[in-house]
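Notes follow once the structure below has been shown.
The values are calculated or read from the model by the stated rules, or taken from the named source; none is laboratory data. Model, not experiment: these values are computed from the prediction. Cβ: placed from backbone, ideal geometry, glycine included. Neighbour counts: every protein chain shown.
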């Protein structure tokens with residue numbers, strides 16, 4: 001029952017922000033489910049892959065989240081030569097590993113029109129850190145994906161719903177503000193009073209998720225965010241907050 005609600009929450013909001021008729025292939029910069037069964041992001045990607053089963057796909061990382069650069073590049077090269085648009089989905093650090101390799105090898109792709117990218121998560125010490133603007137510029141420069149088709153996703157294992165910071169073709173508006181679906185609400189609260197801050201002010205992100213039928217309804221995060229009228233802008237982690245993320249699971253157990 002819990003997973004059924006999760007799947008019902010995941011799909012429509014993903015489809016609204018990251019699906020259109022132009023995308024034919026999928027490149028996941030993450031492990032397959034069998035290699036990282038405890039990672040919520042991998043479960044999300046596996047769910048999307050199964051829902052989009054008719055589309056050719058490639059998972060290009062091992063169970064330790066080490067990127068298989070050769071597999072990723074071969075898949076992208078085939079997409080380019082066959083003129084098949086592709087959506088690349090992965091963590092920010094996986095994109096950095098891919099882009100750094102392309103830069104070192106002096107490789108560039110001009111992926112077919114209609115290609116897109118979805119990046120999620122922070123860096124967690126897995127790569128050098130770059131700003132979102134710098135990462136998006138590199139995705140455009142090295143992969144040929146237009147800025148309006150680079151979408152950020154925000155989610156975590158404690159939530160059943162995800163937030164996105166744009167829709168395909170419209171994703172380059174500034175500032176980049178995330179929105180949850182109507183059944184979830186983001187509140188930006190003061191660390192001192194835990195009261196909601198005024199629009200334009202920064203605080204800690206709190207999420208109320210009605211899709212969390214098998215767990216807690218409200219979650220207090222250590223993520224800093226700025227409140228906007230129609231969403232929130234991520235600013236980073238609170239000082240002294242521990243690193244979190246499913247990409248750390250296998251490292252912790254290694």
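So the values come out like this:
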quantity	calculated
Total residues in region 58-114, condition assigned to a loop (DSSP other than H, G, I, E, B) and touching a residue at least 40 places away in the same chain (Cβ under 8 Å)	7
Residue match in region 25-40 (condition: modelled with pLDDT under 95 and in contact with a strand residue (DSSP E or B) (Cβ under 8 Å, 6 or more places away or on another chain))	no
Enumeration of residues in region 153-167 that are assigned to a loop (DSSP other than H, G, I, E, B) and in contact with a strand residue (DSSP E or B) (Cβ under 8 Å, 6 or more places away or on another chain)	155, 156, 158, 159, 160, 161, 162, 165, 166, 167
Subset of region 177-204 [crowded, with 19+ Cβ neighbours inside 10 Å and in a loop (DSSP other than H, G, I, E, B)]	177, 180, 181
Region 218-231 - residue that is exposed (fewer than 13 other Cβ atoms within 10 Å of the Cβ) and within 22 Å of the chain's Cα centre (by Cα) and, of those, modelled with the highest pLDDT	218
Filter result (farther than 18 Å from residue 233 by Cβ and in contact (Cβ under 8 Å) with a residue 40 or more places away in the chain) within region 142-158	142, 143, 145, 157, 158
Top-ranked residue in region 1-23 [being out of contact with any strand residue (DSSP E or B) (no Cβ under 7 Å at 6 or more places or on another chain) and more than 26 Å from residue 184 (Cα to Cα); ranked as surrounded by the fewest Cβ atoms within 10 Å (Cβ to Cβ)]	21
Single condition residue 174 does not satisfy, out of (1) touching a strand residue (DSSP E or B) at 6+ places or on another chain (Cβ under 9 Å); (2) part of a loop (DSSP other than H, G, I, E, B)	(1)
Extreme residue, surrounded by the fewest Cβ atoms within 10 Å (Cβ to Cβ), among residues of region 24-38 that are within 18 Å of residue 53 (Cβ to Cβ) and without any contact (Cβ under 8 Å) to a residue 24 or more places away in the chain	34
